[in-house]
Amino acid sequence: MAQYAFTLLLGINFLFADVFIVSYQAQVKDSQILHQSLLASKAMTTPPKNIIKTQTLLLDKTCKKAQFFICYEEKVLDFMFKEGVYIKAQDQTQNLVNQSSFIQLNLPPQYLQVEFNDTFVKMALLK
Amino acid sequence: MKVMTKGLISLSILAATVTAAPKPLMNPFAETMAPAPTASTQTQAAPVSAAPAPVQAAPAPVMMEEAPVESYAPTPLPDAATVKAYTQPKITKQSVTRLVVKGQGVAPSFTQSPAQAFALAKRAAMVDAYRLLGEKIQGVEVEGQDLIKNMMVKRSQVRTQVNAMIKEASIVETSFKDGLCEVEVELIITGSKWHSTLSHSFSE
(Lines give C-alpha, C1' and ligand atoms only; values in the text may rest on other atoms or scores of the structure.)
Protein backbone atom coordinates (compact mmCIF):
# COMPACT_ATOMS: atom_id res chain seq x y z
CA MET A 1 0.00 0.00 0.00
CA ALA A 2 2.81 2.36 0.91
CA GLN A 3 4.68 1.49 -2.28
CA TYR A 4 1.54 2.07 -4.34
CA ALA A 5 1.03 5.46 -2.72
CA PHE A 6 4.66 6.41 -3.29
CA THR A 7 4.48 5.43 -6.96
CA LEU A 8 1.24 7.36 -7.37
CA LEU A 9 2.76 10.45 -5.79
CA LEU A 10 5.83 10.16 -8.00
CA GLY A 11 3.67 9.78 -11.07
CA ILE A 12 1.54 12.80 -10.13
CA ASN A 13 4.71 14.75 -9.50
CA PHE A 14 5.85 14.22 -13.05
CA LEU A 15 2.40 14.48 -14.60
CA PHE A 16 3.06 17.81 -16.28
CA ALA A 17 6.72 17.18 -17.14
CA ASP A 18 8.22 17.17 -20.61
CA VAL A 19 9.88 14.06 -21.93
CA PHE A 20 12.95 14.46 -24.13
CA ILE A 21 15.17 12.05 -25.98
CA VAL A 22 18.77 13.06 -25.28
CA SER A 23 21.97 11.74 -26.81
CA TYR A 24 25.57 12.94 -26.77
CA GLN A 25 28.68 12.25 -28.75
CA ALA A 26 32.20 13.61 -28.33
CA GLN A 27 35.37 12.96 -30.31
CA VAL A 28 38.82 13.84 -29.01
CA LYS A 29 41.93 13.67 -31.17
CA ASP A 30 45.42 14.25 -29.75
CA SER A 31 44.00 15.61 -26.45
CA GLN A 32 41.92 18.24 -28.26
CA ILE A 33 38.18 18.12 -28.60
CA LEU A 34 37.43 17.51 -32.27
CA HIS A 35 33.66 17.38 -32.24
CA GLN A 36 30.89 17.24 -29.66
CA SER A 37 27.13 17.28 -30.08
CA LEU A 38 24.27 17.15 -27.63
CA LEU A 39 20.98 16.25 -29.28
CA ALA A 40 17.77 16.79 -27.36
CA SER A 41 14.28 16.72 -28.77
CA LYS A 42 10.83 16.16 -27.39
CA ALA A 43 9.78 12.55 -27.45
CA MET A 44 7.22 11.82 -30.14
CA THR A 45 6.74 8.20 -29.12
CA THR A 46 5.30 6.80 -25.92
CA PRO A 47 8.12 6.90 -23.36
CA PRO A 48 8.73 4.09 -20.90
CA LYS A 49 7.32 4.48 -17.42
CA ASN A 50 10.12 3.06 -15.28
CA ILE A 51 12.09 5.78 -13.53
CA ILE A 52 15.72 4.76 -13.01
CA LYS A 53 17.05 7.75 -11.12
CA THR A 54 16.05 11.32 -10.38
CA GLN A 55 17.88 14.51 -9.59
CA THR A 56 16.85 18.01 -8.62
CA LEU A 57 18.72 20.82 -10.32
CA LEU A 58 18.69 24.37 -8.97
CA LEU A 59 18.32 27.00 -11.65
CA ASP A 60 21.08 29.54 -11.07
CA LYS A 61 21.16 30.99 -14.59
CA THR A 62 18.50 33.11 -16.24
CA CYS A 63 17.63 31.41 -19.47
CA LYS A 64 14.49 30.44 -21.29
CA LYS A 65 12.86 27.04 -21.07
CA ALA A 66 13.74 26.33 -24.71
CA GLN A 67 17.42 26.95 -23.93
CA PHE A 68 17.53 24.72 -20.87
CA PHE A 69 19.87 22.18 -22.44
CA ILE A 70 22.21 24.91 -23.68
CA CYS A 71 22.49 26.60 -20.29
CA TYR A 72 22.74 23.44 -18.18
CA GLU A 73 24.46 21.12 -20.62
CA GLU A 74 27.24 20.18 -18.24
CA LYS A 75 24.96 19.32 -15.33
CA VAL A 76 22.56 17.35 -17.50
CA LEU A 77 25.44 15.37 -18.96
CA ASP A 78 26.95 14.74 -15.53
CA PHE A 79 23.59 13.30 -14.50
CA MET A 80 23.21 11.15 -17.60
CA PHE A 81 26.82 9.94 -17.71
CA LYS A 82 26.28 8.12 -14.42
CA GLU A 83 23.93 5.73 -16.20
CA GLY A 84 26.61 4.60 -18.61
CA VAL A 85 28.71 5.87 -21.51
CA TYR A 86 30.46 3.94 -24.25
CA ILE A 87 34.12 4.60 -24.87
CA LYS A 88 36.05 3.66 -27.98
CA ALA A 89 39.71 4.66 -28.16
CA GLN A 90 42.41 3.98 -30.75
CA ASP A 91 46.10 4.84 -30.48
CA GLN A 92 48.79 4.38 -33.10
CA THR A 93 52.52 4.43 -32.41
CA GLN A 94 55.10 4.13 -35.18
CA ASN A 95 58.83 3.75 -34.59
CA LEU A 96 58.27 4.53 -30.90
CA VAL A 97 56.62 7.88 -31.74
CA ASN A 98 52.93 8.41 -31.12
CA GLN A 99 51.22 9.10 -34.43
CA SER A 100 47.60 9.61 -33.41
CA SER A 101 45.31 9.24 -30.45
CA PHE A 102 41.54 9.17 -31.05
CA ILE A 103 38.82 8.78 -28.41
CA GLN A 104 35.09 8.61 -29.06
CA LEU A 105 32.52 8.91 -26.27
CA ASN A 106 28.90 7.95 -26.98
CA LEU A 107 25.87 8.45 -24.82
CA PRO A 108 23.07 6.50 -26.48
CA PRO A 109 19.63 8.14 -26.83
CA GLN A 110 17.75 8.00 -23.56
CA TYR A 111 14.42 9.27 -22.35
CA LEU A 112 14.79 12.19 -19.95
CA GLN A 113 11.77 13.54 -18.14
CA VAL A 114 12.15 17.17 -17.08
CA GLU A 115 9.72 19.00 -14.84
CA PHE A 116 10.22 22.75 -14.97
CA ASN A 117 9.52 24.83 -11.92
CA ASP A 118 10.35 28.43 -11.03
CA THR A 119 13.63 27.92 -9.25
CA PHE A 120 14.41 24.30 -9.79
CA VAL A 121 14.09 21.47 -12.25
CA LYS A 122 13.45 17.79 -11.59
CA MET A 123 15.09 15.39 -13.99
CA ALA A 124 14.35 11.67 -14.24
CA LEU A 125 15.83 9.00 -16.48
CA LEU A 126 13.26 6.64 -17.94
CA LYS A 127 13.84 3.12 -19.13
CA MET B 1 108.07 26.92 -81.79
CA LYS B 2 104.60 26.98 -80.38
CA VAL B 3 104.02 23.43 -81.55
CA MET B 4 107.20 22.26 -79.84
CA THR B 5 106.21 23.85 -76.50
CA LYS B 6 102.78 22.29 -76.64
CA GLY B 7 104.32 18.92 -77.36
CA LEU B 8 106.74 19.23 -74.45
CA ILE B 9 103.93 20.14 -72.07
CA SER B 10 101.79 17.19 -73.09
CA LEU B 11 104.77 14.84 -72.82
CA SER B 12 105.55 16.07 -69.31
CA ILE B 13 101.94 15.57 -68.21
CA LEU B 14 101.94 12.08 -69.69
CA ALA B 15 105.18 11.20 -67.93
CA ALA B 16 103.83 12.43 -64.58
CA THR B 17 100.69 10.31 -64.86
CA VAL B 18 102.57 7.21 -65.90
CA THR B 19 105.25 7.42 -63.22
CA ALA B 20 102.85 8.30 -60.39
CA ALA B 21 102.42 5.46 -57.90
CA PRO B 22 98.94 3.93 -57.91
CA LYS B 23 96.89 4.86 -54.89
CA PRO B 24 95.95 1.92 -52.70
CA LEU B 25 92.26 0.97 -52.44
CA MET B 26 90.37 2.14 -49.37
CA ASN B 27 90.38 -0.57 -46.73
CA PRO B 28 87.50 -0.11 -44.28
CA PHE B 29 89.29 -2.25 -41.72
CA ALA B 30 92.60 -0.42 -42.04
CA GLU B 31 92.36 1.04 -38.56
CA THR B 32 91.75 -2.30 -36.91
CA MET B 33 94.40 -4.27 -38.77
CA ALA B 34 98.06 -4.46 -37.76
CA PRO B 35 100.49 -2.59 -40.08
CA ALA B 36 101.68 -4.76 -43.02
CA PRO B 37 105.38 -5.67 -42.93
CA THR B 38 107.40 -3.62 -45.37
CA ALA B 39 110.37 -4.93 -47.50
CA SER B 40 113.03 -3.47 -45.18
CA THR B 41 111.56 -5.05 -42.07
CA GLN B 42 111.21 -8.38 -43.83
CA THR B 43 114.86 -8.52 -44.76
CA GLN B 44 115.90 -7.51 -41.28
CA ALA B 45 113.58 -10.06 -39.62
CA ALA B 46 115.12 -13.07 -41.43
CA PRO B 47 118.90 -12.71 -41.67
CA VAL B 48 120.93 -15.73 -42.77
CA SER B 49 123.34 -16.72 -39.99
CA ALA B 50 125.22 -19.84 -38.89
CA ALA B 51 124.28 -19.72 -35.22
CA PRO B 52 120.70 -20.55 -34.46
CA ALA B 53 118.67 -17.71 -33.06
CA PRO B 54 117.86 -18.06 -29.41
CA VAL B 55 114.40 -19.39 -28.83
CA GLN B 56 112.41 -16.83 -27.05
CA ALA B 57 109.89 -17.95 -24.49
CA ALA B 58 106.32 -17.57 -25.59
CA PRO B 59 104.67 -14.58 -23.98
CA ALA B 60 102.50 -15.38 -21.02
CA PRO B 61 98.84 -15.44 -21.97
CA VAL B 62 96.83 -12.48 -20.74
CA MET B 63 94.27 -13.64 -18.20
CA MET B 64 90.94 -11.95 -18.78
CA GLU B 65 88.83 -11.23 -15.77
CA GLU B 66 86.15 -13.88 -15.68
CA ALA B 67 82.61 -12.76 -15.23
CA PRO B 68 81.02 -13.97 -12.06
CA VAL B 69 79.08 -17.13 -12.66
CA GLU B 70 75.41 -16.52 -12.03
CA SER B 71 73.49 -18.86 -9.96
CA TYR B 72 71.40 -21.11 -12.12
CA ALA B 73 69.23 -22.28 -9.31
CA PRO B 74 65.54 -21.91 -10.13
CA THR B 75 63.57 -19.21 -8.31
CA PRO B 76 61.60 -20.60 -5.45
CA LEU B 77 57.92 -21.14 -6.09
CA PRO B 78 55.49 -18.94 -4.14
CA ASP B 79 53.84 -20.46 -1.16
CA ALA B 80 50.28 -21.63 -1.12
CA ALA B 81 48.99 -18.54 0.68
CA THR B 82 50.42 -16.22 -2.00
CA VAL B 83 48.95 -18.32 -4.80
CA LYS B 84 45.57 -18.40 -3.11
CA ALA B 85 45.58 -14.63 -2.58
CA TYR B 86 46.48 -14.09 -6.25
CA THR B 87 43.81 -16.40 -7.61
CA GLN B 88 41.07 -15.14 -5.32
CA PRO B 89 38.62 -12.78 -6.99
CA LYS B 90 39.26 -9.10 -6.38
CA ILE B 91 35.59 -8.30 -6.02
CA THR B 92 33.79 -9.98 -3.18
CA LYS B 93 30.57 -9.14 -1.45
CA GLN B 94 32.43 -7.16 1.17
CA SER B 95 35.08 -5.47 -1.00
CA VAL B 96 35.11 -1.85 -2.12
CA THR B 97 37.45 -1.02 -5.00
CA ARG B 98 38.27 2.59 -5.77
CA LEU B 99 39.76 3.48 -9.16
CA VAL B 100 41.18 6.99 -9.58
CA VAL B 101 42.46 8.31 -12.89
CA LYS B 102 43.57 11.71 -14.11
CA GLY B 103 42.64 12.76 -17.62
CA GLN B 104 44.31 15.55 -19.54
CA GLY B 105 42.91 17.82 -22.21
CA VAL B 106 44.17 20.76 -24.21
CA ALA B 107 42.12 23.71 -25.41
CA PRO B 108 41.80 23.92 -29.20
CA SER B 109 43.25 26.87 -31.06
CA PHE B 110 39.95 28.10 -32.52
CA THR B 111 38.33 29.24 -29.24
CA GLN B 112 36.73 32.65 -29.03
CA SER B 113 37.23 33.25 -25.32
CA PRO B 114 39.17 31.83 -22.35
CA ALA B 115 35.92 30.47 -20.91
CA GLN B 116 35.25 28.46 -24.04
CA ALA B 117 38.84 27.23 -24.04
CA PHE B 118 38.45 26.03 -20.46
CA ALA B 119 35.13 24.33 -21.17
CA LEU B 120 36.45 22.50 -24.22
CA ALA B 121 39.68 21.51 -22.49
CA LYS B 122 37.70 20.17 -19.56
CA ARG B 123 35.52 18.12 -21.87
CA ALA B 124 38.58 16.66 -23.61
CA ALA B 125 40.12 15.86 -20.22
CA MET B 126 36.95 14.13 -19.09
CA VAL B 127 36.85 11.97 -22.22
CA ASP B 128 40.49 11.07 -21.65
CA ALA B 129 39.70 10.12 -18.05
CA TYR B 130 36.90 7.82 -19.20
CA ARG B 131 39.32 6.20 -21.60
CA LEU B 132 41.78 5.56 -18.76
CA LEU B 133 39.00 4.02 -16.71
CA GLY B 134 38.11 1.81 -19.66
CA GLU B 135 41.73 0.66 -19.88
CA LYS B 136 41.70 -0.35 -16.23
CA ILE B 137 38.34 -2.08 -16.27
CA GLN B 138 38.03 -3.63 -19.71
CA GLY B 139 41.65 -3.82 -20.77
CA VAL B 140 43.55 -2.78 -23.88
CA GLU B 141 43.76 -4.67 -27.16
CA VAL B 142 47.34 -4.36 -28.46
CA GLU B 143 48.43 -5.13 -31.99
CA GLY B 144 52.04 -4.80 -33.09
CA GLN B 145 53.61 -5.03 -36.56
CA ASP B 146 57.31 -4.97 -37.34
CA LEU B 147 58.69 -4.84 -40.87
CA ILE B 148 62.24 -6.20 -41.07
CA LYS B 149 64.12 -6.00 -44.35
CA ASN B 150 67.72 -7.11 -44.86
CA MET B 151 67.97 -7.81 -41.13
CA MET B 152 67.08 -4.20 -40.29
CA VAL B 153 63.87 -2.91 -38.74
CA LYS B 154 62.24 -0.71 -41.36
CA ARG B 155 59.00 0.08 -39.54
CA SER B 156 57.65 -0.74 -36.09
CA GLN B 157 53.96 -0.03 -35.55
CA VAL B 158 51.86 -0.57 -32.43
CA ARG B 159 48.09 -0.08 -32.33
CA THR B 160 46.02 -0.10 -29.18
CA GLN B 161 42.24 -0.19 -28.87
CA VAL B 162 39.87 0.24 -25.95
CA ASN B 163 36.16 -0.63 -26.01
CA ALA B 164 34.39 -0.17 -22.71
CA MET B 165 31.21 0.96 -21.02
CA ILE B 166 31.70 3.10 -17.92
CA LYS B 167 29.03 3.65 -15.33
CA GLU B 168 28.77 5.77 -12.18
CA ALA B 169 32.08 7.59 -12.50
CA SER B 170 32.29 10.94 -10.79
CA ILE B 171 34.60 13.92 -11.15
CA VAL B 172 36.64 14.57 -8.03
CA GLU B 173 38.93 17.46 -8.96
CA THR B 174 39.47 19.81 -11.87
CA SER B 175 42.53 21.96 -12.49
CA PHE B 176 43.45 24.23 -15.39
CA LYS B 177 46.93 25.58 -15.86
CA ASP B 178 48.91 26.84 -18.87
CA GLY B 179 46.26 25.63 -21.30
CA LEU B 180 46.22 22.11 -19.87
CA CYS B 181 43.15 20.89 -18.01
CA GLU B 182 43.43 17.92 -15.68
CA VAL B 183 40.34 16.14 -14.42
CA GLU B 184 40.50 13.56 -11.67
CA VAL B 185 37.73 10.96 -11.98
CA GLU B 186 37.02 8.18 -9.54
CA LEU B 187 34.98 5.03 -9.87
CA ILE B 188 33.92 3.07 -6.81
CA ILE B 189 33.07 -0.57 -7.38
CA THR B 190 31.07 -1.80 -4.42
CA GLY B 191 31.18 -5.54 -4.08
CA SER B 192 27.77 -5.80 -2.48
CA LYS B 193 26.24 -4.20 -5.60
CA TRP B 194 28.36 -5.68 -8.40
CA HIS B 195 29.31 -9.10 -7.11
CA SER B 196 26.08 -10.72 -8.25
CA THR B 197 26.55 -9.26 -11.75
CA LEU B 198 30.22 -10.14 -12.14
CA SER B 199 30.29 -13.41 -10.22
CA HIS B 200 29.50 -15.46 -13.33
CA SER B 201 33.17 -15.21 -14.39
CA PHE B 202 34.60 -16.73 -11.24
CA SER B 203 33.49 -19.02 -8.53
CA GLU B 204 33.79 -18.52 -4.80
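The values are calculated or read from the model by the stated rules, or taken from the named source; none is laboratory data. On a predicted model such as this, the values are computed, not experimentally measured, just so you know. Quick reminder, even Gly has a Cβ in these numbers, built from the backbone with ideal geometry, and neighbours come from all protein chains shown.
Answer with yes or no whether A:D91 is within 30 Å of B:G103 (Cβ to Cβ), of a type in the set (D, E, K, R), assigned to a strand (DSSP E or B) and at pLDDT 90 or above.
yes
For the stretch B:76-108, residues that are more than 35 Å from the chain's Cα centre (by Cα), among the hydrophobic types (A, V, I, L, M, F, W, C) and surrounded by 14 or more Cβ atoms within 10 Å (Cβ to Cβ) total 1.
Each residue in the stretch A:35-63 was checked for being without any contact (Cβ under 8 Å) to a residue 12 or more places away in the chain, within 14 Å of chain B (Cβ to nearest Cβ) and either in a strand (DSSP E or B) or closer than 20 Å to A:V19 by Cβ (or both), and 1 of them qualify. Take the conditions (1) in contact (Cβ under 8 Å) with a residue 12 or more places away in the chain; (2) farther than 27 Å from A:E73 by Cα; B:Q104 misses just one of them, which is (2). Of the candidates A:Q110, A:Q104, A:Q27, the single residue that is touching a residue at least 60 places away in the same chain (Cβ under 8 Å), within 14 Å of chain B (Cβ to nearest Cβ), within 13 Å of the chain's Cα centre (by Cα) and in a strand (DSSP E or B) is A:Q110. Among the residues making up the stretch A:64-94, those that are within 11 Å of chain B (Cβ to nearest Cβ) and polar (S, T, N, Q) are A:Q90, A:Q92, A:T93, A:Q94. Being closer than 30 Å to A:K53 by Cα and in contact with a Cys (Cβ under 6 Å, 6 or more places away or on another chain) is a property that B:A125 has. For the stretch B:120-131, the criterion of being over 20 Å from A:Q94 (Cβ atoms) and more than 9 Å from every other protein chain (Cβ to nearest Cβ) is satisfied by at least one residue.
Considering the conditions (1) assigned to a strand (DSSP E or B); (2) within 10 Å of chain B (Cβ to nearest Cβ); (3) under 16 Å from the mean Cα position of the chain (by Cα), A:N98 is excluded by exactly one of them, (3). Restricted to strands (runs of 3 or more DSSP E) entirely inside the stretch B:92-189, those with at least 1 residues that are farther than 29 Å from A:V97 by Cβ and touching a Ser or Thr at 6+ places or on another chain (Cβ under 8 Å) are B:96-106. Using the structure shown, decide if B:S196 is part of a helix (DSSP H, G or I), in contact (Cβ under 8 Å) with a residue 60 or more places away in the chain, exposed (fewer than 13 other Cβ atoms within 10 Å of the Cβ) and not aliphatic (A, V, I, L, M). Criteria not met by B:S196.
Considering only residues in the stretch A:30-75 that are among the small types (G, A, S), over 13 Å from the mean Cα position of the chain (by Cα) and on the phi < 0 side of the Ramachandran plot, the one that is surrounded by the most Cβ atoms within 10 Å (Cβ to Cβ) turns out to be A:A43. Checking each residue in the stretch B:151-188 for being within 7 Å of another protein chain (Cβ to nearest Cβ) and of a type in the set (D, E, K, R) picks out B:R155, B:R159, B:K167, B:E168.
Given the options B:I137, B:I148, name the one that is surrounded by 15 or more Cβ atoms within 10 Å (Cβ to Cβ), more than 8 Å from chain A (Cβ to nearest Cβ) and over 30 Å from A:I70 (Cβ atoms). Within the list B:I137, B:I148, the selection yields B:I137. Take the residues in the stretch A:86-127 that are hydroxyl-bearing (S, T, Y) and within 28 Å of B:I148 (Cα to Cα), then tell me which one is surrounded by the most Cβ atoms within 10 Å (Cβ to Cβ). Filtering the stretch A:86-127 for residues that are hydroxyl-bearing (S, T, Y) and within 28 Å of B:I148 (Cα to Cα), the one surrounded by the most Cβ atoms within 10 Å (Cβ to Cβ) comes out as A:S101.
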